[in-house]
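Coordinate-derived values only; no laboratory data. All figures in this text were calculated on a predicted structure; none of them were measured in a lab. Methodologically, a virtual Cβ is constructed for each residue, glycine included, from the backbone with ideal geometry; neighbour enumeration extends over all protein chains shown.
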Amino acid sequence: MTAPFVTTLRARAETIQLGAPNGAALTIRVEVPERWDVVRVSAAPTEHVRAVKVAALAVLDPRADARDYVVKLRGHEVLDERRSIAEVGARDGSTFLVTNRRRRPVR
């Protein structure tokens with residue numbers, strides 16, 4: 001199966017694999033606006049939102065502390081990151097925004 005078109009926009013060439021590679025997987029796009037960077041993640045629908053956030057930050061900003069970042073889907077913060085990506089409403093091609101919990105002034 002091919003990845004949805006939206007996951008290829010301005011994304012890095014590699015894809016982060018989460019969960020079993022043989023089972024059903026959703027290909028999602030994870031964007032960190034503070035880094036101006038995007039990564040593709042292929043994850044089982046049962047994978048936790050926190051696991052997606054930690055994996056994306058490990059690639060996009062290795063020095064970042066995951067506790068300082070929130071995850072948003074369709075403009076709304078995911079309040080319980082222990083829920084699966086399917087439970088929060090992600091579909092194949094969805095975009096998660098991982099952004100700093102506290103806004104910082106631009107200098």
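Using a simple spin-label model with pseudo-atoms 7 Å out from Cα toward Cβ, Arg91 and Glu14 lie 3.1 nm apart. What base-10 log of the normalised intensity I(q)/I(0) is obtained for the stretch 29-81 from the Debye formula, alpha carbons as equal point scatterers, at q = 0.15, 0.18, 0.23, 0.31 Å⁻¹? Each listed q corresponds, in turn, to -0.38, -0.56, -0.95, -1.57.
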